[in-house]
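Please read the structure below before turning to the comments.
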Amino acid sequence: MTVPNGPFALASPPKSSSKLNLSWHDNSDNETAFIVQRSTSAAASSRTVATVKATKASAKGKGIRTFADTNLSAGTIYYYQRHRHQRHLPLAA
């Protein structure tokens, strides 16, 4: 099994005080999805807020993926993480 490279360049242009658009470059060609997590503290554990499926462009390591996080509270600092997900393949006997 090959471990995929991590996505990079998480960007967050503000849309409003209650919405944030996140986008990142896909840096791999073998993931099936990206897991987006959020917390209100750098020390707190994050909760999953979205699963963004990989696309054909993602499969070629050339995709840009996006996620719009809504219903945010003005004046609150949010911390985001995104992880790639690769479907596990059965091990050969």
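The values are calculated or read from the model by the stated rules, or taken from the named source; none is laboratory data. Predicted, not measured: the structure shown is a model, and the values here were computed from it. Cβ placement follows ideal geometry from the backbone for every residue including glycine, while neighbour counts extend to all protein chains displayed.
Numerical summary
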{"item": "Residue, surrounded by the fewest Cβ atoms within 10 Å (Cβ to Cβ), within the range 55-86, restricted to residues that are at pLDDT below 80 and small (Gly, Ala, Ser)", "result": "Ala57"}
{"item": "Residue match in the range 24-43 (condition: among the acidic types (Asp, Glu), in contact with a helix residue (DSSP H, G or I) (Cβ under 6 Å, 6 or more places away or on another chain), in a loop (DSSP other than H, G, I, E, B) and at pLDDT below 90)", "result": "yes"}
